[in-house]
Amino acid sequence: MILNLNVLRIDGGTQSRAVINQEQIDNYAQDMAAGDKFPEVTVYFNGLEYYLADGFHRYFATKKLGKTSIHSNVVTGTLREAILFSKGANYDNGLPRTNADKRKNVLDMLNDFEWGDWSNAKIAEKCKVSDEFVRKIKAELNVKKDTVKYEKNGKTF
């Protein structure tokens, strides 16, 4: 389906990258201008809004070229489903994920009211990372939560 860029919501928390890579946007735009075909972006539609869940660099490259529409794979689902889908985006295509990207996604899930109670294995599956990666981040969070600082007589404990 072809969607107008203006109907796509990019502010719903579905961006799985720690940062958008401007160089990648520029490269994609150059390749698009040269006629290269790119996969459709993935969009979740909840009956009211279209949430971009995968394809932010393609979205911005298309916009940079002054185009007004983009080929989209539209999935019926909620914003929450779009956010969950986005956690594993770019696992096996596009710009490889950085450790910061993976960490951001795991932290988002661990800090979520529902997903934070999931097992390491389930979070790892959704984020497309190892159980060990999740366990390590969870351990870091627990150390921070269990560490209480207080001052007495000018000393911090």
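Can you tell me how many residues within the range 1-50 are part of a loop (DSSP other than H, G, I, E, B), touching a strand residue (DSSP E or B) at 6+ places or on another chain (Cβ under 7 Å) and either modelled with pLDDT under 95 or open to solvent by less than 80 Å² (accessible area, probe 1.4 Å) (or both)? Give the steps one after another, and end with the answer.
First, the residues of the range 1-50 that are part of a loop (DSSP other than H, G, I, E, B): 1, 10-21, 34-40, 46-49.
Those still in the list that are touching a strand residue (DSSP E or B) at 6+ places or on another chain (Cβ under 7 Å) too: 1, 10, 12, 14, 40, 49.
Going one step further and asking which of them are either modelled with pLDDT under 95 or open to solvent by less than 80 Å² (accessible area, probe 1.4 Å) (or both), we end up with 10, 12, 14, 49.
Summing the residues that are part of a loop (DSSP other than H, G, I, E, B), touching a strand residue (DSSP E or B) at 6+ places or on another chain (Cβ under 7 Å) and either modelled with pLDDT under 95 or open to solvent by less than 80 Å² (accessible area, probe 1.4 Å) (or both) in the range 1-50 gives 4.
Has the range 76-85 got at least one residue that is closer than 22 Å to residue 123 by Cα and without any contact (Cβ under 8 Å) to a residue 12 or more places away in the chain?
Checking the range 76-85: at least one residue is closer than 22 Å to residue 123 by Cα and without any contact (Cβ under 8 Å) to a residue 12 or more places away in the chain.
Can you find even one residue in the range 61-76 that is within 30 Å of residue 133 (Cβ to Cβ) and open to solvent by 40 Å² or more (accessible area, probe 1.4 Å)?
Taking every residue of the range 61-76 in turn, at least one turns out to be within 30 Å of residue 133 (Cβ to Cβ) and open to solvent by 40 Å² or more (accessible area, probe 1.4 Å).
How many residues, within the range 85-133, are within 15 Å of residue 15 (Cβ to Cβ) and small (Gly, Ala, Ser)?
Matching residues across the range 85-133 total 5.
Looking at the range 56-65, is at least one residue touching a Leu at 6+ places or on another chain (Cβ under 7 Å) and either among the basic types (Lys, Arg) or on the phi > 0 side of the Ramachandran plot (or both)?
So far as the range 56-65 goes, yes, one or more of its residues are touching a Leu at 6+ places or on another chain (Cβ under 7 Å) and either among the basic types (Lys, Arg) or on the phi > 0 side of the Ramachandran plot (or both).
The values are calculated or read from the model by the stated rules, or taken from the named source; none is laboratory data. Given the structure is predicted, the values throughout are model-derived calculations rather than measurements. Note that we place each Cβ from the backbone using ideal geometry, even for glycine, and neighbour counts take in every protein chain shown. We work out accessible area using only protein heavy atoms, side chains counted, and drop any ligands, DNA or RNA first. Shrake-Rupley method; radii C 1.70, N 1.55, O 1.52, S 1.80 Å.
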